[in-house]
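Accompanying notes for the structure given below.
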Amino acid sequence: MSSSPPPSSAAASPSCPKKMIALRSSDGETFEIEEAAALQSKTLENMIDEDCAGTPIPLPNVTGKILAKVVEFCSKHAEPGVDDESLRAWDAEFVNVEQATVFDYILAANFLEIPTLLNLTCNVVADMIRGKTPDEIRKFFNIKSIFSPEEEEEVRRENHWAFE
Amino acid sequence: MAFPELSEDEIAQIISLTTPQDACNMSAVSRHFKSIADSDSVWTKFLPSDCENLIPHISPKKSLYRHLCDHPVPINGRNVSLSLDKKSGQKCFTLGARDLTIAWGDNQNYWEWIATPESRFNEVAQLRSVWWFHIIGRIETSMLSSGTNYAAYLVYRFNGHRQGFDRPVKSHVCIGSEELDEGRSVTLDPREGEPRAVRERAHGWMEIEMGEFYNENGDDGTLVCSLREVVEYKRGLVVEGIELRPMY
């Protein structure tokens with residue numbers, strides 16, 4: 001029985017090492033991300049083109065804690081050979097975090113222009129809103145209303161048509 | 001980071017992923033959320049993309065949405081009307097009798113065309129008498145909302161001389177030819193004690209479900225909705241049209 005080595009499944013061959021991009025968070029932490037993963041972000045894509053010659057790209061709007069997770073998300077989504085169902089399950093786990101963190105992800109996704117992450121996180125919040133009454137929404141998101149009871153009643157009356 | 005601290009664009013994007021009812025609930029949460037939840041950037045997403053310019057003088061988009069739910073708009077030379085399903089914003093169509101193909105409809109011995117204030121259309125079709133009863137409504141699936149389960153309904157009533165509709169009629173709602181579709185039997189005028197699938201509507205009309213169709217992408221071609229019964233002698237039916245609306 002002949003034994004031949006299994007075909008290489010690496011995305012890059014030894015002669016073309018994967019290019020790594022360095023990022024620096026607002027609180028001074030540095031992260032490395034593969035170029036393919038970084039290209040998920042339109043913001044990073046533009047910055048890479050402008051040639052940064054190895055110096056870390058500063059991201060003043062994103063903390064280290066969040067940037068670590070964003071790097072994880074982009075790397076996962078750049079991975080070859082992941083089937084849709086597994087990716088969806090992974091995404092669901094990724095956003096299974098506390099509310100404040102989801103909003104941090106939204107801000108980061110917006111700043112870094114990552115459509116997949118933005119879509120995922122906005123849908124998470126939309127799911128939290130669906131089917132709730134105004135009072136439930138306030139409680140869930142800890143929102144203070146400055147509406148007087150009369151103003152609120154007026155709004156409900158205005159919108160009554162949508163519930164008939 | 002808390003919800004109200006997101007930008008207006010981000011909040012609008014989130015609300016537009018919910019439903020019109022949810023947007024109305026968001027509007028009652030606080031003044032800050034009200035201005036965003038009522039904004040055009042949210043309600044444009046609830047309106048079908050091809051409906052935005054139907055009635056340009058109604059503004060803002062939220063008012064346009066509400067108007068289209070309650071006031072069917074004539075299209076196609078006024079023989080078809082369009083409105084929106086309130087909960088989802090999906091499109092509802094009523095094909096008026098003049099838009100339908102009615103066998104012998106041009107022959108005054110069999111069918112008359114009358115104006116009645118109880119109809120949104122200029123004319124409705126009134127059956128004098130016929131054996132060969134065959135009515136067909138057609139609509140392009142490209143006009144329907146995608147990802148939507150539709151039901152078709154005959155909108156009708158009887159005048160004083162009804163006869164023959166206490167027997168079942170064959171109904172089809174399908175793509176392409178009726179001959180290839182199994183269809184179902186419906187009874188427009190069931191006798192006392194018989195099961196009654198007829199429902200009352202406004203202005204003295206009734207409706208009966210003819211069948212269902214799931215519109216995935218709107219690229220299936222022409223949807224055909226038909227009723228046919230060619231054996232019994234029939235009289236007294238008045239047809240306003242065939243209506244298609246989402247079902248849940």
Just the Kirkwood number for chain A, please: inverse of mean 1/r across all distinct Cα pairs, in Å, one decimal. 19.1 Å
If I model a spin label at A:N96 and B:R201 as a point 7 Å from the Cα along the Cα→Cβ vector, what separation in nanometres do I get? 4.8 nm
Need one number: nm distance between label points at B:S146 and B:A103, each 7 Å from Cα along Cα→Cβ, rounded to one decimal. 3.7 nm
Each residue of region B:218-233 in order: what ³J(HN,Hα) in whole Hz does its phi give by Karplus 6.51 cos²θ - 1.76 cosθ + 1.60, θ = phi - 60°, with x for Gly and Pro? x, 10, 8, x, 8, 8, 10, 10, 9, 10, 8, 7, 10, 10, 7, 7
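Per the helix-only calculation at 222 nm, which mean residue ellipticity applies to chain B, given -39500 (n - 2.57) for every DSSP H run of n ≥ 4 and division by its residues, nearest 500 deg cm²/dmol? Please report the intermediate quantities before stating the final value.
On the way: 5 runs with 41 residues, N = 248.
Result for chain B: -4500 deg cm²/dmol, rounded to the nearest 500.
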Which residue fluctuates most in the GNM of chain B (Cα springs below 10 Å): B:S142, B:S129, B:S30? B:S30
Evaluate the relative contact order of region B:85-202 (contact order divided by residue number), counting alpha-carbon pairs under 8 angstrom at least 6 apart; express in whole percent. 17 percent
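Using only helices, what value at 222 nm comes out for chain A when you add -39,500 (n - 2.57) per DSSP H run of length 4 or more and divide by the total residues, to the nearest 500 deg cm²/dmol?
Values: 8 runs with 84 residues, N = 164.
Only helices count here, giving -15500 deg cm²/dmol.
Lys and Arg at +1, Asp and Glu at -1: add these up for the other residues within a Cβ distance under 10 Å of B:L127 and post the number. Let's see the in-between values first.
On the way: positive: B:R128, B:R162, B:K234, B:R235; negative: B:E112.
For residues surrounding B:L127, the net value is +3.
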If you bin every alpha carbon distance in the protein assembly as shown into 20 Å steps from zero, what whole percent lands in each bin? 21, 38, 28, 12, 1
Computed log₁₀ I(q)/I(0) - Debye formula, equal Cα scatterers, no solvent, chain B, q 0.12, 0.15 Å⁻¹: -0.74, -1.02
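Quick one: Kirkwood hydrodynamic radius for region B:1-133, alpha-carbon pairs, angstrom, one decimal?
Details: mean 1/r = 0.0572 Å⁻¹.
It is 17.5 Å.
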Among A:S26, A:S148, A:S41, the residue with the largest mean-square fluctuation in a Gaussian network model of chain A built from Cα contacts under 10 Å is A:S148
Treat each spin label as a single point 7 Å out from the Cα along the C-beta direction, and report the A:N119 to B:E123 distance in nm. 4.9 nm
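Is the shape of region A:74-164 rounded, prolate or oblate, going by the alpha carbon gyration tensor and its root eigenvalues a ≥ b ≥ c, with a/c under 1.5 for rounded and a/b larger than b/c for prolate?
Numbers: a/c = 3.08, a/b = 2.40, b/c = 1.28.
Taking the square roots of the gyration eigenvalues as a ≥ b ≥ c, region A:74-164 is prolate.
Full-extension gain between A:E45 and A:R157, please, as 0.36 nm times their residue separation minus the C-alpha to C-alpha distance. It would help to have the intermediate numbers written out before the result.
Working: separation 112, 0.36 × 112 = 40.32 nm, distance 4.84 nm.
Between A:E45 and A:R157, full extension yields 35.5 nm more.
Once Rh is set to the Kirkwood radius over Cα pairs, what Stokes-Einstein translational diffusion coefficient, in µm²/s, holds for region B:198-248 at a temperature of 37 °C and a viscosity of 0.692 mPa s? Could the numbers behind the result be given before it?
Details: Rh = 13.9 Å.
Translational diffusion coefficient: 236 µm²/s.
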Is the shape of region B:137-248 rounded, prolate or oblate, going by the alpha carbon gyration tensor and its root eigenvalues a ≥ b ≥ c, with a/c under 1.5 for rounded and a/b larger than b/c for prolate? prolate
Using a simple charge model, +1 on the beta-carbon of Lys and Arg, -1 on the beta-carbon of Asp and Glu, nothing else, what dipole does region B:45-202 show about its Cα centre, in debye to the nearest 20? 620 debye
Restraint check, A:K144/B:K61; A:K69/B:K45; A:K42/A:K144; B:K61/B:K87; A:K139/B:K45, Cα-Cα greater than 25 Å: A:K144/B:K61; A:K69/B:K45; A:K42/A:K144; A:K139/B:K45
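Give the order of B:M26, B:M247 when sorted by the count of other beta carbons within 10 angstrom, beginning with the fewest.
Numbers: B:M26 24, B:M247 15.
Final ranking by Cβ density, sparse to dense: B:M247, B:M26.
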Under 5 Å, built H, 5+ apart or other chain: amide partners of B:I75: B:V80, B:S81, B:L82
Most fluctuating of B:P195, B:P72, B:P48 in the GNM of chain B (C-alpha, under 10 Å) is B:P195
Whole-Hz ³J(HN,Hα) from phi, Karplus 6.51 cos²θ - 1.76 cosθ + 1.60, for region A:21-38, glycine and proline x: 10, 9, 10, 10, 7, 4, 9, x, 7, 10, 10, 10, 9, 5, 4, 4, 6, 5
Might you report the magnitude of the Cβ-based charge dipole of region B:128-248 about its Cα centre, with Lys and Arg at +1 and Asp and Glu at -1, to the nearest 20 debye? 660 debye
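For each of A:H77, B:H203, B:H172, count neighbouring Cβ atoms within 10 Å of the residue's Cβ, then give the residues from fewest to most.
Working: A:H77 18, B:H203 11, B:H172 21.
So the residues, fewest neighbours to most, are B:H203, A:H77, B:H172.
What GluC sites (Glu not before Pro) in region B:149-194 are in a loop by DSSP, with at most 14 other Cβ atoms within 10 Å of the Cβ? Each step should come with its number before you reach the end.
On the way: sites: B:E178, B:E179, B:E182, B:E192; in loops: B:E182, B:E192.
The qualifying sites are B:E182, B:E192.
Coordinate-derived values only; no laboratory data. Computed from a predicted structure; not experimentally measured. Cβ: placed from backbone, ideal geometry, glycine included. Neighbour counts: every protein chain shown.
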